[in-house]
Amino acid sequence: MHDEIAPQRLRPETDASTLSFETTEEIGDLDGILGQERATRAIHFGTHIQAEGYNLFAMGAPATEKRAVVEQLLAEAAEKRPAPNDWCYVYGFDSPSSPQALSVAAGQGRRLERAINQLIEDVRNVVPAVFHEEEYKTRSNEITKGFEERQKRDLEELQQEAEKHDMTLLQTPHGFAFAPLVDGKVLDNEQFQELPTDTRERISNVIEELTRQLVERMQDIPGRQQVLVRAQKDLVREMTEASVRLLVNTAREPFQAYPEITELLSAIQSDIVEHAQTILALESETPAAPQLFSRADPERFYDRYRINLIVDNADIDRAPIVYESNPTLENLVGRIEHRAEFGALISDFNLIRSGALHRSNGGFLIVETDRILTKPFAWEALKRALLDKEIRIESAGQLMSLGTPVSLDPQPIPIDVKVVLLGTRLHYYLLSQSDPDFTRLFKVPAEFVDRIERSDDNVVLYAQLIATLARREELLPLTREAVGAVIDQNIRSAGDSERLSTHIRNIIDLMREADFIARAADAARVEASHVTDAVHQQIDRLDRIRADVHEQILRGTIHIDISGEVIGQVNGLSVLQVGEFAFGQPSRITATARLGHGEVVDIEREARLAGKIHTKAMMIVASFIGHRYASEQPLSLQGSLVFEQSYGGIEGDSASVAEVCALLSAIARVPLKQSFSITGSMDQHGRVQAIGGANEKIEGFFDICSERGLTGDHGVIIPADNVKHLMLRADVVEAAAQGKFHVYAITTVDDAIRLLSGMEPGEPDEEGSYPEGTFNRAVTERLEQLTAIARKTREDESNGIKKPANEDEEDA
C-alpha cells in the first residue's frame, strides 16, 4: 500500500531544546575523534607494531579530514618515542666522490658543526703562524744550508782539480764550463787556437775529463733535491702536526663518547697536516697557491673539512612527523645540487640536500596517494627505500640513464620510518590489485567512515565537535539553535536522516560562512538564521546551471506536464551532479506499445546513450511484464521507452518504476496523472527498491510546480525505503503541511499504478484473472488482443492469405 508521508517525517530536525547549553562557550572540547573508532584502532596498531611492512593506508573521503586525524594520532605515538639521531654527510677522504654518512645523537650534529667550523678558523690562523716561528725558520735553513754546502763543496773540489791542470770552472748562463788559464788568465778562443796542436789536444782531454767528473757530480743533484723536499715536508708535517693535534684534541674533547666523531676528527687532522703547505699558500696568497682553488674564494678548499648537517633534530624531543605535500623524487629521497665553475657543473658533499625520508627517519612520513602516483619515479623510489631499508639519493636523469653532470655517489642512509598514505578507497583497491609490492609494504588499512548513527549521544558529541571547531577557528560562539541548524545541514549532506556525516571539512566551511554573515550583521553570536543564510548562499553560488535548466522547463522549451492525464507518459526524476552541487529535475518518459514479438526497445540503448545499469533495469522491466502478464502465453508486444529531450548519457535504475508504469499505461491505454513525478528502482517481482538523491529529486519537481503554481494535486512518489533518507528543505515541508504538495511512499509497482492512474491495480484470482475494471485487467485484455491478432496472422500466413501491411496494426 501507499502512504502519504507526514510533514514531520519529511524533515526530522534536531530538537534544539534537548541541547543543554545556550551557546557553544558553555561546553568543553571534544575528547577523541568522532565516529572513527575503527580507523583509530588501525592507526594505533600500525604505529606501535615494529614488524616489517606494517605501514598504513588511511582511506576515506577527503572531506573527512583524514590528515588532521592521522596527525593527531601520530602525535600521540611520537610522544612515546625519543628524538632520532641527526644525520650528516662528510668528505670521503679515501674516496672523494663517495661522501660518507655520519649518524650522531640528536642535537650533537649542530654542536659538531660549530666545533668543526671553529676548528677550521683556528687552523687557518695557526698553520700559517707555524711557518713564521723561529724554530721552523732555523731548521728549514739548516736543511737548505746542508744541501747548498754539499753542492758548494762539490764545485770547490772540481775547481781545485781544474787548477792542477791550469784550468778554471766558469758559471755561464747555460751552466758550468771549464776554460784553460795562462798566467792566471782565461784564454779566449783566438788565444786558444794560437797554442800548439799538442797543447790544444792536452787541454781538450783535460776539459773532457773534468766535464765527465762534473756531470757525475751534477747527476746526484736531483736526488739530493728530492731528499731536500722530503726533509722540508717532514719538517712541515712535524711542525704542523703538533699544533693541529692540540686544536683537534680540543675539538674532540666534547665528543669522546662518539667513536664516529673522533674517527672523523682524526681523518681531518691527518688531511690538514698533509695539506699544510696548501693552507699556507692559500692564507698567504702566494703564487704557490694551487690553481684548483680561486684566491677570491679559498673557502672551496676548507669545505672538505665541514659537515653537511642534512637532518637536525636538536629542536625536537620526540619522533618527527613529516607531511610531504609535493612528493617528487627529489623531495622524497633528496638531491645533489651543482654549481657552475669554469663553464662546468660540479658538486661536492656540501651540496647534498635532504628529502622527506631523511627528515622523517625514526618517525612518521605522511604522503597523499594521488600526488605521489602522478610524480615520475616517486612511487618506485618510495617502495625501493622501504624494501631496501635505506635511502639512496638518485636523480631522474640517473634513473633514465641520461647524461648527467659529474656528480657524487653518497653513502646510502639506513631508515626506520612509518609511512602513512592518504587516499581514497579506489586508490587502495586499485593498488592492491595492480601493484604486488603494495600489500607487502602497506599491511594496515585504516578506513574512515563517511557517516555515523544519529543517536542522542552522537548528537551531543557532535555539538562538542562544533564547539571545538568554533574555538579552533576563532569563530563567534553558536547558539544551540545554530548548532541544531549545522547538525541538520550535516544530516542533509549525509543523505540519510538517521545518520550524521563525518565530513568535517564541510562543517568547518559552513561555520566559517555563518560566522562571516553574523559578523557582517554585528551579531555577538551565530544564530540559526545565519546558518540558514550561509546554506542559501552556498547554493546560490553554484546553482546557475540548475536555474538555466528550470528556466527552459518553465518557458516550455523542455516539455514537462504537471497537470492533466496522458497515456504512456510519466514524469520521472533524475539528479545532475555539477562539481559538488547536485540538483534534481523532472524528465518526461514516454512509451509506446504495438503488436510485436515480446520485445521492449530501449531507445536510449539503441542510440548508445544508456549505461550498463540502465540497460539492466530495462531488462528487469521486460522480465516483470513477461512474468506477470504473459507467463503462459506468448508476449505479442513490441514496446519502446525513451527519455524525451534527453541528449546526453542515461545511467542508473532509478527510473525503472516510472518506465514500467509508462509502458503499462501504453499497453492498457489508461492515462496517467501528470501532476505526479515518480522515482524508484524495482526487481523482477515488482517490489520497489531505494534510490539515491531522493531529497534533490523531490525538491526539483517541487520547484517546477511551485513556479507554475501549486494546486494541491502535485506530489512525488518515492520508494518506502527512502523515507529514512529524507531531509527536505523547509519550504517543501511547509507546502506539504498546508496540503499543497504531497510525498507518497510505495513498496510495489501496483502502489505506483494506483496513484498514477487512479484505478485499483487488482489482484489475480486462483485462475490468474484480474477483476473487472482494474488496471491489470486492462493490461491483460490488451495483451490477449495482441496475442489473438498475432495468432490469426500466423494462421492466415500458413493458409496463404496475405493482409495489407497496416491491417494488423489497425486491428491492434
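The values are calculated or read from the model by the stated rules, or taken from the named source; none is laboratory data. Predicted model only: the values in this text are computed from it and were never measured. Don't worry about glycine lacking a Cβ; one is built from the backbone with ideal geometry, like all the others, and counts go over all protein chains shown. Note: accessible area is taken over every heavy atom of the protein model, side chains too, but ligands, DNA and RNA are not part of it. Shrake-Rupley method; radii C 1.70, N 1.55, O 1.52, S 1.80 Å.
The residues listed here are Gly715, Gly709; of these, the one that is over 38 Å from the mean Cα position of the chain (by Cα) and without any contact (Cβ under 8 Å) to a residue 12 or more places away in the chain is Gly709. Taking strands (runs of 3 or more DSSP E) as the structural unit, those lying wholly within segment 332-409 and holding at least 1 residues that are in contact with a strand residue (DSSP E or B) (Cβ under 7 Å, 6 or more places away or on another chain), in contact (Cβ under 8 Å) with a residue 60 or more places away in the chain and crowded, with 16+ Cβ neighbours inside 10 Å correspond to 364-368. Taking the criterion of being closer than 12 Å to Thr479 by Cα, open to solvent by less than 70 Å² (accessible area, probe 1.4 Å) and assigned to a loop (DSSP other than H, G, I, E, B), the residues of segment 521-554 that qualify are Ala523, Glu527.
Figure legend. Inter-residue proximity from segment 109-124: first residues more than 12 Å from Arg306 (Cα to Cα), second residues of a type in the set (S, T, N, Q), beta-carbon distance below 9 Å, spacing 6+ or different chains. Indicated pairs: Asp122/Thr250; Val123/Ser243.
Summed over segment 47-93, residues that are more than 30 Å from Glu113 (Cβ to Cβ), of a type outside the set (A, V, I, L, M) and open to solvent by less than 50 Å² (accessible area, probe 1.4 Å) total 8. Can you tell me which residue within segment 611-640, out of those that are open to solvent by 30 Å² or more (accessible area, probe 1.4 Å) and under 40 Å from the mean Cα position of the chain (by Cα), is nearest to Ala778 (Cα to Cα)? Here the answer is Lys616. When you scan segment 368-375, do you find a residue that is of a type in the set (A, V, I, L, M) and within 27 Å of Ser103 (Cβ to Cβ), even just one? Yes, segment 368-375 contains a residue that is of a type in the set (A, V, I, L, M) and within 27 Å of Ser103 (Cβ to Cβ).
With respect to the conditions (1) out of contact with any Leu (no Cβ under 6 Å at 6 or more places or on another chain); (2) open to solvent by 20 Å² or more (accessible area, probe 1.4 Å); (3) within 16 Å of Pro7 (Cβ to Cβ), Arg754 falls short on a single one, namely (3). Checked across segment 437-450, the condition of being among the basic types (Lys, Arg) and over 26 Å from the mean Cα position of the chain (by Cα) holds for no residue. Within segment 508-520, take every residue that is under 19 Å from Arg492 (Cβ atoms) and not hydrophobic (A, V, I, L, M, F, W, C) and give me the one that is most open to solvent (accessible area, probe 1.4 Å). Filtering segment 508-520 for residues that are under 19 Å from Arg492 (Cβ atoms) and not hydrophobic (A, V, I, L, M, F, W, C), the one most open to solvent (accessible area, probe 1.4 Å) comes out as Arg512. Asp796 fulfils the conditions (1) touching a helix residue (DSSP H, G or I) at 6+ places or on another chain (Cβ under 9 Å); (2) without any contact (Cβ under 8 Å) to a residue 24 or more places away in the chain; (3) acidic (Asp, Glu); (4) open to solvent by less than 50 Å² (accessible area, probe 1.4 Å) except for a single criterion, (1).
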